[in-house]
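Structure record follows, encoded as structure tokens.
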Amino acid sequence: MTMIQGTYYYPASSKAEQAELLVKEGVAQLFLVEKQLDYSASSLKISSSIPGVAQEVVFEDGGKFVAADSKARIHAKPSMLERLESHKPLIAFSIVGVPLLLWFCFAVVMPRMAAASVVLVPDAVSETMGEQAFDIIEELMLKPSELAQERQQQVKQQWQSALTSLNLSPEKFVLHVYRSDYFGANAFALPNGTVVITDDLLNRLEDNPDAVLAILLHEIGHVQQQHSLRLIAQSVSNAIVLAMIFGDIDGIGEIIIGSGSTLVQNAFSRDMEREADNYALEQLVALGKPTTAFADAMSSFSELKKQSNADVLQYLSTHPEIQERIDNALKFNKE
Amino acid sequence: MENSDVSTASTTTTPVVFTGKAGEFFGIWLVNILLSIVTLGIYSAWAKVRTLQYFYGNTSIDNHNFSYLATPMQILKGRILAVILFAVYTLTTQFLPMVGLAVIVAVLFLMPWLINQSLRFNSRMTSYRNVRFAFKGSYGYALLYFIILPILSVFTLYLLLPWALKKMDEYIYSNLSYGDKPLKTNISAVEYYSTSLIVLGVSIMFGVAVSIAVGAGAVAGGMSDGLNLDSLMSFAGVIMLVVYLILISVISAIYRARIRNHIFNNTEIEGLTTFTSKVSVSEYAMLLFVNTLAIVFTLGLAYPWTAIRQSAYLASVTELEIVDGAQAVLDTMEEQQSSFAEEAAEVFDVDIALT
């Protein structure tokens with residue numbers, strides 16, 4: 001053990017003087033200008049050793065010693081962490097390993113954990129959640145349908161017979177027809193099994209009932225696979241983990257991390273759209289309907305949006321490219 | 001200079017010295033992230049303590065360094081509480097919107113307590129020359145300045161906001177003390193209003209310049225049919241992103257530089273020292289912009305370099321004018337043991353925060 005040079009601060013005071021500290025055989029000897037203090041080595045509170053940080057020792061009476069040299073260490077053997085932190089090969093490995101681990105964590109581990117945990121959520125929660133969300137959406141964004149009664153009845157009958165054939169509960173899955181300026185030509189599902197389809201969409205697919213069915217089955221797919229719960233579970237856990245690991249990055253870094261997690265989130269919601277697509281395709285087959293109906297439904301969206309094939313935009317979007325979904329449906333038909 | 005009225009005693013100008021090195025911190029940061037991922041976030045409490053100990057330990061005034069005293073277990077406890085709070089908040093607002101409304105109101109009233117708790121904890125965990133800092137706030141004022149004033153400012157078309165921001169800063173700094181010596185701060189709302197106006201003006205100028213550029217670009221694009229519209233759009237997207245990053249760097253530099261300078265230049269610890277901060281807006285904007293680009297282009301790996309660079313710059317533009325008799329005051333200065341013991345006995349001796 002060697003003598004360490006440093007500064008001594010008197011207990012609970014900022015009075016300071018030069019000092020030397022020697023820790024040997026269970027005894028800490030502190031040499032001050034005018035006196036020598038002895039402490040038992042086990043009573044010392046020694047700060048963790050960190051590369052480039054001077055080590056500090058707090059004595060039981062509240063006095064404090066700070067080493068003058070940031071490389072000086074009280075214990076001859078450096079701590080495991082400090083060795084890791086200055087271990088060049090490990091650092092080199094981490095440069096590649098850390099992004100890989102992060103990807104694995106956010107793209108594989110978290111989605112699986114979310115999927116596994118939402119199964120445990122009691123049905124009552126999805127029910128209340130769906131009901132409360134529906135109340136708000138209906139109040140703010142939906143207006144009574146302006147379609148003829150026969151047309152509405154026709155869609156609902158088609159819905160009922162599909163539910164019966166697929167053995168799905170007619171109490172859980174309830175279809176509503178609404179007019180909506182906010183949603184335009186669209187359909188959506190809430191976690192309790194409520195499905196809403198808009199006048200505009202029904203008008204657009206007036207002479208293709210199978211395409212309407214394909215879209216409704218896609219929405220049932222979202223409910224059956226608990227997609228809204230999974231999305232929420234994932235975004236909450238991602239936000240917590242990101243905040244804990246990268247929380248000390250402020251300002252602009254925060255914006256970058258925020259947009260990064262939005263991109264990841266969008267990738268998940270695209271995966272979920274694909275899952276719901278495949279559910280719809282399977283059920284179409286089960287009902288003996290052509291899977292081209294799904295491709296037709298997608299094509300009508302395609303005309304609607306006049307989408308360009310900008311690949312760059314793929315990662316920004318929450319839905320897969322429509323052409324990709326049409327191709328998927330057509331391929332499904334062949335299998 | 002601005003503080004010439006504060007004391008007639010002669011002073012010694014003492015710089016703030018920062019000795020952190022990007023290479024050293026890079027190793028600490030990588031190990032922090034690696035172990036945080038492997039332990040599913042638990043190590044992040046240790047990571048935070050080591051990071052802060054690195055930055056505090058490498059910041060010194062007059063050859064005495066700062067120390068960060070919190071233990072990882074305290075941080076971990078605070079984080080577990082914060083995770084529970086955050087989960088309850090998000091899950092209820094997402095799953096049960098009606099119950100969520102009640103939770104939002106509850107959180108609004110909990111917030112002042114959390115802010116005080118955090119300020120108290122972080123002050124007490126900061127020590128210089130073996131003497132801790134301390135924060136004494138009150139729930140009522142925290143509620144007024146951090147919750148009620150910002151909400152009121154919305155109804156005044158944000159005209160009240162600069163004043164609210166001034167009140168928040170004033171609350172923080174005037175309730176802070178070093179040992180038994182309170183900080184005295186005398187900041188002015190005029191500075192907050194002029195800074196806000198400059199930020200607003202610069203944002204509008206950027207907006208106008210961008211619209212002119214986009215208009216010109218569209219005309220040029222319209223004239224040359226040879227150009228693919230899609231590629232033109234993606235190019236425009238990249239340019240917009242760069243412009244956006246420049247704008248963010250410039251306005252945060254203007255605000256942070258001016259307000260930091262104003263607060264430091266108008267704060268003193270009586271009988272001990274006054275402070276000077278000379279952050280230059282242009283230098284700081286450049287630093288923030290380069291930092292952002294470095295983080296983007298290295299996918300985050302440049303973070304340690306940017307953090308060290310920022311701390312080094314801020315230290316280099318900060319000085320203290322220590323009163324010549326300060327040594328005698330420092331030698332007799334003692335930590336207020338009673339208040340410390342009483343606070344340590346609190347159940348929540350933690351900073352309930354995710355970061």
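Could you say whether any residue in segment B:58-71 is at pLDDT 85 or above and farther than 30 Å from B:LEU330 by Cβ? Walk me through it before giving the result.
Restricting attention to segment B:58-71, the residues satisfying the condition of being at pLDDT 85 or above are B:58-71.
Still in the list and also farther than 30 Å from B:LEU330 by Cβ: none.
For segment B:58-71, residues at pLDDT 85 or above and farther than 30 Å from B:LEU330 by Cβ: absent.
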Reported set for segment B:165-194 where residues are over 17 Å from the mean Cα position of the chain (by Cα), under 17 Å from B:SER153 (Cβ atoms) and crowded, with 17+ Cβ neighbours inside 10 Å is none
Which one is nearest to the other protein chains (Cβ to nearest Cβ) among residues in segment A:1-27 that are in a strand (DSSP E or B), within 51 Å of the chain's Cα centre (by Cα) and among the polar types (S, T, N, Q)? A:SER13
Tell me, which residue of segment A:63-91 that is within 8 Å of another protein chain (Cβ to nearest Cβ) and within 29 Å of A:ASP38 (Cα to Cα) is modelled with the highest pLDDT? A:VAL66
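Where in segment A:144-226 are there strands (runs of 3 or more DSSP E), lying fully within it, with 3 or more residues that are of a type outside the set (Gly, Ala, Ser) and either within 31 Å of the chain's Cα centre (by Cα) or surrounded by fewer than 22 Cβ atoms within 10 Å (Cβ to Cβ) (or both)?
Details: elements: A:174-179, A:187-189, A:194-198.
Because the criterion is at least 3 residues that are of a type outside the set (Gly, Ala, Ser) and either within 31 Å of the chain's Cα centre (by Cα) or surrounded by fewer than 22 Cβ atoms within 10 Å (Cβ to Cβ) (or both), the strands (runs of 3 or more DSSP E) in segment A:144-226 that meet it are A:174-179, A:194-198.
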Regarding A:SER43, is this residue among the polar types (S, T, N, Q) and exposed (fewer than 13 other Cβ atoms within 10 Å of the Cβ)? yes
The correct count of residues that are within 20 Å of B:SER127 (Cα to Cα) and touching a strand residue (DSSP E or B) at 6+ places or on another chain (Cβ under 6 Å) in segment A:18-62 is 11
May I ask you to verify whether B:THR332 is within 22 Å of the chain's Cα centre (by Cα), on the phi < 0 side of the Ramachandran plot, modelled with pLDDT under 85 and surrounded by fewer than 19 Cβ atoms within 10 Å (Cβ to Cβ)? no
Hey, can you tell me all the residues within segment A:86-115 that are within 14 Å of the chain's Cα centre (by Cα) and without any contact (Cβ under 8 Å) to a residue 24 or more places away in the chain? A:LEU102, A:TRP103, A:PHE104, A:VAL108, A:VAL109, A:ARG112
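Take the residues in segment A:28-62 that are charged (D, E, K, R) and outside any loop (DSSP other than H, G, I, E, B); name whichever of them is nearest to the other protein chains (Cβ to nearest Cβ). Write out each step before concluding.
Start the filter on segment A:28-62 by keeping residues that are charged (D, E, K, R), which leaves A:34-35, A:38, A:45, A:56, A:60-61.
Right, trim to outside any loop (DSSP other than H, G, I, E, B) and you get A:38, A:45, A:56.
Values: A:ASP38: 20, A:LYS45: 10, A:GLU56: 6 Å.
Per the stated criteria, the residue is A:GLU56.
Kindly provide the set of residues from segment B:142-195 that are small (Gly, Ala, Ser) and either part of a loop (DSSP other than H, G, I, E, B) or out of contact with any strand residue (DSSP E or B) (no Cβ under 8 Å at 6 or more places or on another chain) (or both), ordered by number. Walk me through how you get there before you give the answer.
Within segment B:142-195, the first condition is being small (Gly, Ala, Ser), and the residues that meet it are B:142, B:153, B:164, B:174, B:177, B:179, B:188-189, B:194.
Within segment B:142-195, B:ALA142, B:SER153, B:ALA164, B:GLY179, B:SER188, B:ALA189, B:SER194 qualify.
Residue-wise test of (1) away from chain A (no Cβ under 13 Å); (2) farther than 24 Å from A:SER14 by Cβ; (3) surrounded by fewer than 19 Cβ atoms within 10 Å (Cβ to Cβ); (4) under 17 Å from the mean Cα position of the chain (by Cα).
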{"residue": "B:ARG260", "(1), (2), (3), (4)": "yes, yes, yes, yes"}
{"residue": "B:PHE264", "(1), (2), (3), (4)": "yes, no, no, yes"}
{"residue": "B:ILE269", "(1), (2), (3), (4)": "no, no, no, no"}
{"residue": "B:SER282", "(1), (2), (3), (4)": "yes, yes, yes, no"}
{"residue": "B:LEU288", "(1), (2), (3), (4)": "no, yes, no, yes"}
{"residue": "B:PHE297", "(1), (2), (3), (4)": "no, yes, yes, no"}
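Each row is one residue, and each column tells you yes or no for (1) surrounded by fewer than 16 Cβ atoms within 10 Å (Cβ to Cβ); (2) charged (D, E, K, R); (3) closer than 24 Å to B:LEU52 by Cα.
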site: A:THR2; (1), (2), (3): yes, no, no
site: A:GLU17; (1), (2), (3): yes, yes, no
site: A:LYS24; (1), (2), (3): yes, yes, no
site: A:SER47; (1), (2), (3): no, no, yes
site: A:GLY52; (1), (2), (3): no, no, yes
site: A:PRO78; (1), (2), (3): yes, no, yes
site: A:ARG83; (1), (2), (3): yes, yes, yes
site: A:SER94; (1), (2), (3): no, no, yes
Against the definition (within 12 Å of chain A (Cβ to nearest Cβ) and within 30 Å of B:SER316 (Cβ to Cβ)), how does B:TYR128 come out, yes or no? yes
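Considering only helices (runs of 4 or more DSSP H) fully contained in segment B:26-139, which possess at least 1 residues that are within 19 Å of the chain's Cα centre (by Cα), among the hydroxyl-bearing types (Ser, Thr, Tyr) and crowded, with 21+ Cβ neighbours inside 10 Å? Can you show your working first?
Values: elements: B:44-57, B:72-95, B:97-124.
Filter on segment B:26-139 gives B:44-57.
Would you be able to say whether some residue in segment B:296-308 is under 30 Å from B:ASP180 (Cβ atoms), part of a helix (DSSP H, G or I) and touching a residue at least 60 places away in the same chain (Cβ under 8 Å)?
At the first step, the residues of segment B:296-308 found to be under 30 Å from B:ASP180 (Cβ atoms) are none.
So far as segment B:296-308 goes, no, none of its residues is under 30 Å from B:ASP180 (Cβ atoms), part of a helix (DSSP H, G or I) and touching a residue at least 60 places away in the same chain (Cβ under 8 Å).
The values are calculated or read from the model by the stated rules, or taken from the named source; none is laboratory data. Computed from a predicted structure; not experimentally measured. Ideal geometry is used to build each Cβ from the backbone, glycine not excepted, and the neighbour counts take in all protein chains shown.
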